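Structure, as structure tokens:
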Amino acid sequence: AFIGVSLLIITKVLNWDDVLREKGAWDTLLWLSILSSFANSLRETGVVDFFSNKLADFFISSGLSSNIAFTLLGIVYLYSHYGFASIGAHT
């Protein structure tokens, strides 16, 4: 993103005032980098592996039917996706 903005400024497609006026874009970039950093830290410290191993152990030992297990897995995915800021965890 920074390379693209730099190229737009260098080629005079945008000027610095145009860049500064885009407060929403800067907010998005800031939050995206924070969440990505957080997700990377969770992966490096082993939280993601621990969580996925415990979940796999539960599903293996539960004996649930495939429809119920699939539904539960979808719910867990939905909440863990937002709970663990998994932007970087999927990479």
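The values are calculated or read from the model by the stated rules, or taken from the named source; none is laboratory data. Quick caveat: nothing in here was measured; it's all calculated off a predicted structure. A quick note on method: Cβ atoms are made from the backbone with ideal geometry, for glycine too, and the neighbour counts reach across all protein chains shown. Protein only, heavy atoms only, side chains kept; ligands, DNA and RNA dropped before computing areas. Shrake-Rupley method; radii C 1.70, N 1.55, O 1.52, S 1.80 Å.
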Next on the checklist: Which pairs turn up if I take residues in the stretch 8-21 that are modelled with pLDDT of 85 or more and look for partners that are in a helix (DSSP H, G or I) and among the hydroxyl-bearing types (Ser, Thr, Tyr) with beta carbon separation below 7 Å, at least 6 apart in sequence or on another chain?
Outcome noted: none
Checklist entry - Does at least one position in the stretch 46-61 carry a residue that is of a type in the set (Val, Ile, Thr) and assigned to a loop (DSSP other than H, G, I, E, B)? => result no
Checklist entry - Across the stretch 1-56, what is the total count of residues that are closer than 30 Å to His81 by Cα and surrounded by 11 or more Cβ atoms within 10 Å (Cβ to Cβ)? => result 27
Checklist entry - Are there any pairs with C-beta distances below 6 angstrom linking a residue in the stretch 61-81 that is open to solvent by less than 70 Å² (accessible area, probe 1.4 Å) to a residue that is assigned to a helix (DSSP H, G or I), with the two at least 6 apart or on different chains, and if so which? => result Ala69/Phe59
